[in-house]
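All remarks here apply to the structure that follows.
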Amino acid sequence: MQESYLQNTDISFLNKKLDNHIQRKIHALYDRKEFQECSLMNMWVADYLFHMELSQTPVFQKDIEAEFSVNRSTASKMLTLMEKKKLIRRTNCASDSRLKQIELEPYGLELQKMCCRIREEIERQLTACLSEEEVKLFKSMYLRILANM
């Protein structure tokens, strides 16, 4: 593809093109068979749960829905499958028995460790051509665009 075409195209196309490259790199680094065919979304959810547990913040389905911009039925199906794969467990919340708190199981923690290794490698590749200042600027602009959507 000619560089002039890419410079004149829209941000959404560039974002999708970059996402395709990132997905290919992740799949090259991730052996799904080792983790019972866990999806990349399972990996990101395990990573999110890990960081929330570190901060001692309880996580519920509505938090997963908001964090990953997925609807209620998608989140419910995904969490049910993650439970079947023994990645997470849902327990009754002490303050409200209608709510189920989501916690990582030991197998989910293993998936999170793999996620961390993959994320570090992808981040290294993505930022290799950028200065620290450019990385901060990119993240700042990307977060503004995301918040605007």
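Charge dipole (Cα centre; +1 on Lys/Arg Cβ, -1 on Asp/Glu Cβ; no other charges) of the chain amounts to roughly 540 debye. Backbone amide hydrogens, once placed in the peptide plane, bring I88 within less than 5 Å of E83, E105, excluding anything fewer than 5 places away on its chain. Each residue of region 73-82 is assigned a 3J(HN,Hα), and the resulting list reads 5, 4, 4, 4, 4, 4, 5, 4, 5, 5 Hz, derived from the Karplus form 6.51 cos²θ - 1.76 cosθ + 1.60 (θ = phi - 60°), x at Gly and Pro.
Look at where the Cα atoms of region 39-81 and of region 82-128 average out, and the two centres are 7 Å apart.
Let a ≥ b ≥ c be the square roots of the eigenvalues of the Cα gyration tensor of region 35-77; is it rounded (a/c under 1.5), or, if not, prolate (a/b larger than b/c) or oblate? Oblate is the answer for region 35-77, as a/c is 1.5 or above yet b/c matches or exceeds a/b. Going by a ≥ b ≥ c, the root eigenvalues of the Cα gyration tensor, does region 61-107 fall in the rounded group (a/c under 1.5), the prolate group (a/b larger than b/c) or the oblate group? Since a/c reaches 1.5 but b/c is at least a/b, the shape of region 61-107 is classed as oblate. Per-atom-type breakdown for the chain gives carbon and sulfur 54% of the accessible area (1.4 Å probe, protein chains only). Of the peptides 88-96, 38-46, the ranking by mean beta-carbon count within 10 Å, highest at the top, reads 38-46, 88-96. Only protein heavy atoms count here; on that basis, with a 1.4 Å probe, Y142 has an accessible area of about 100 Å². With K and R counted +1 and D and E -1, the other residues having a Cβ less than 10 Å from that of L104 yield a net charge of -4.
With each label modelled as a point 7 angstrom along the Cα→C-beta vector, the E133-I26 pair spans 3.2 nm. Backbone geometry of region 124-140 corresponds, through the Karplus equation with coefficients 6.51, -1.76 and 1.60 at θ = phi - 60°, to 3J(HN,Hα) couplings of 4, 5, 5, 9, 4, 9, 10, 7, 4, 4, 5, 4, 4, 5, 4, 4, 4 Hz, x marking Gly and Pro. Accessible surface area normalised per residue over region 39-149 is 67 Å², counting heavy atoms of protein chains with a 1.4 Å rolling probe. Between the Cα long axis of helix 40-54 and the first principal axis of the chain there is an angle of about 70°, rounded to the nearest 10. Each residue of region 111-120 was assigned a 3J(HN,Hα) from its phi angle through the Karplus curve 6.51 cos²θ - 1.76 cosθ + 1.60 (θ = phi - 60°); the sequence is 5, 5, 4, 5, 4, 4, 4, 5, 4, 5 Hz, with glycine and proline shown as x. Here region 47-149 is treated as a sphere whose radius is the Kirkwood value from Cα pairs; by Stokes-Einstein at 20 °C and 1.002 mPa s it diffuses with a coefficient of 136 µm²/s. Along its three principal directions, the equivalent ellipsoid of region 79-131 from the Cα gyration tensor extends over semi-axes of 33, 14, 8 Å, largest first.
The values are calculated or read from the model by the stated rules, or taken from the named source; none is laboratory data. This one's a predicted model, so the numbers in the text were calculated from it and none came from an experiment. Don't worry about glycine lacking a Cβ; one is built from the backbone with ideal geometry, like all the others, and counts go over all protein chains shown. Each accessible area value is taken on the protein alone, full model and side chains, heavy atoms only, with ligands, DNA and RNA left out. Shrake-Rupley method; radii C 1.70, N 1.55, O 1.52, S 1.80 Å.
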